């Protein structure tokens, strides 16, 4: 187990290194950020001064080495535009994104699992066909469109739900969250549902396909032949087998949802990291972009680790040992 | 004494309407207490389907449409699914073909056995464990406490089949249906499992239906045997009578194609052709197209069951117990 985790960390460091090289030099090629964010009255001399201050006058390889040196000390640099450490900006915004993503995950499971179960148990009923049709729509219709339609329907036409922001916040363990106030929940509902649609469609399809396969297996027949009650056969004997593919796919998907909640956050003006990233890219705020990407890669690595551990809990045939990669 | 299981005219079909296929057509089966009845036939003859029809675990597209299935005094066809669940595991146990597939790969042996035990007797937790350990010990599993904590993939095929047998017998059912439980095992293990099942059922007076395609197994274990062909029982009788003086040409063919029945070096005889498809059953005797003794009667008319002198019942117009051509 320890060796497995160590190996994972080494792989992650390699990925991080390659990623920083690509992003660092890539952004350098795109253009000079100072041109974008310095005020229009700024003369040549004033521009040069800013360049020297930010260290942009040096050759890019030198800049990269300085960046690596600082990184080794845990310093990811200061945002060009905000002038504060990049990580503090990310940490300030991240809880909002995490809350949105977790809410979306919960919605996807709470709605997707029962619907998938129903569709798997009665594949020929018209309700099942309707469920599968809806999941197809969830896959194919773009998120921004659904978000806009929801705003039009529930905010503009019906006036039931607020269209933007996080609403009233409460502080729990030093983190400000929306979901514990009624107003916050009303703000959370639409963006979370919008973000959950893709995962929900996936859960429905995986559950249905998995259930149909599992139900024909001998071990389900065996459990039934022993008179095990149906709720137990479905809810535990079949369920535990089903969860294996669902955990895999959702684990990967969840990282993506956090990392790229950009669209949903933009539509609903949700003050999360996705929106911050878009803003940072538009002004080529390199430290912030690099810091964010390092953050995302680290998160993916950790998520994969969690998935692997969940795996070994679900499937006894998987053991995290020296042989596992 | 009344039989434990009495199946009369059982008809099971796949699908519905015009395209429905008769997979079982008028199957009769009687099993008394403590008796071992072998159900023999090729793949697709309907022997497993008979088992699943009895305990109500047919696949979704199959349905029992005719006949009666009585367990003791209970008409199983009249039961609700809920009542049927109360019968399964408690009064009718089942052992499956491939022990690698029978145990749920993601549940510990203990979880699976405990669920089976608690399905019919709400024992307190402490007693459950003791009961399961005892059940595993009865099927000859060493160190049952450790095995109980094991995952299925940590056990060998023979061991898994023992676990499956222990589970099926937890409630001492009156009837056990064993669907080719030795087919997937090594030959040496086959013998052990066979002897184990035989001993356990004899000790408890359990009636056993042993589904198999292996005549050597039939000879070794069964009291009576029913030979199935294309969804019908073509011959039924005491095992010695059927194996020594088979009345149906198909039974004769099966026996002759067993290697041990032939002199060394002789070419193994085989039954020409193949079993007809369910969608394309002949009008008369289903075996007629492959039969050397067929007559015009066999092709036009379905044979009804009739008794032979030796105690068998046979569905044949020209049984081997009568001289060839006598009826033609």
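What the table below lists for this structure:
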item	result
All helices (runs of 4 or more DSSP H) inside the stretch A:187-284 with 2 or more residues being within 14 Å of chain B (Cβ to nearest Cβ)	A:218-225, A:239-259
Matching residues, the stretch B:68-94, being part of a strand (DSSP E or B) and either over 18 Å from the mean Cα position of the chain (by Cα) or more than 17 Å from residue B:29 (Cβ to Cβ) (or both)	B:74, B:75, B:88
Single residue of B:196, B:243 found to be surrounded by fewer than 24 Cβ atoms within 10 Å (Cβ to Cβ) and either within 20 Å of residue B:321 (Cβ to Cβ) or within 14 Å of chain A (Cβ to nearest Cβ) (or both)	B:243
Strands (runs of 3 or more DSSP E) contained in the stretch B:195-242 and holding at least 3 residues without any contact (Cβ under 8 Å) to a residue 40 or more places away in the chain and closer than 18 Å to residue B:181 by Cβ	none
Qualifying residue in the stretch A:146-166 (condition: more than 24 Å from the chain's Cα centre (by Cα), on the phi > 0 side of the Ramachandran plot and assigned by TED's automatic domain parsing to the domain that holds residue A:93)	yes
Selected residue (criterion: farthest from the chain's Cα centre (by Cα)) from residues of the stretch B:10-25 that are assigned to a strand (DSSP E or B) and surrounded by fewer than 19 Cβ atoms within 10 Å (Cβ to Cβ)	B:21
Residue ID - surrounded by the most Cβ atoms within 10 Å (Cβ to Cβ), chosen from residues in the stretch B:60-96 that are out of contact with any helix residue (DSSP H, G or I) (no Cβ under 8 Å at 6 or more places or on another chain) and facing another protein chain (nearest Cβ under 8 Å)	B:90
Criterion violated by residue A:304 - all others in (1) assigned by TED's automatic domain parsing to the domain that holds residue A:104; (2) closer than 30 Å to residue A:217 by Cβ; (3) within 14 Å of the chain's Cα centre (by Cα) satisfied	(1)
Count - residues of the stretch B:119-129 that are under 19 Å from residue B:144 (Cα atoms) and either modelled with pLDDT under 90 or at the interface with another protein chain (Cβ under 9 Å from one of its Cβ atoms) (or both)	3
Hey, residue A:156 modelled with pLDDT of 85 or more, in a helix (DSSP H, G or I) and within 29 Å of residue B:86 (Cβ to Cβ) or not	no
Filter result for residue A:310 (at pLDDT 80 or above, within 14 Å of chain B (Cβ to nearest Cβ) and more than 30 Å from residue A:151 (Cα to Cα))	yes
Residues being within 20 Å of residue A:86 (Cα to Cα), modelled with pLDDT under 80 and surrounded by 12 or more Cβ atoms within 10 Å (Cβ to Cβ) - total across the stretch A:49-70	5
Residue B:176 being assigned to a helix (DSSP H, G or I), modelled with pLDDT of 90 or more and either more than 19 Å from residue A:219 (Cβ to Cβ) or within 13 Å of chain A (Cβ to nearest Cβ) (or both)	no
Residue B:40 vs. criteria free of Cβ contacts under 8 Å to residues at least 60 places away in the same chain and either crowded, with 17+ Cβ neighbours inside 10 Å or within 24 Å of residue A:238 (Cα to Cα) (or both)	no
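Each row is one residue, and each column tells you yes or no for (1) within 26 Å of residue A:142 (Cβ to Cβ); (2) buried (at least 19 other Cβ atoms within 10 Å of the Cβ); (3) at pLDDT 85 or above.
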position	(1), (2), (3)
A:222	no, yes, yes
A:227	no, yes, yes
A:235	no, no, yes
A:239	no, yes, yes
A:256	yes, no, no
A:265	yes, yes, yes
A:270	yes, yes, yes
A:292	yes, yes, yes
A:316	no, no, no
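The values are calculated or read from the model by the stated rules, or taken from the named source; none is laboratory data. Nothing here was measured: the structure is a model prediction, and the numbers come from that model. Positions of Cβ are generated from backbone atoms using ideal geometry, with glycine treated the same way; all protein chains shown enter the neighbour counts.
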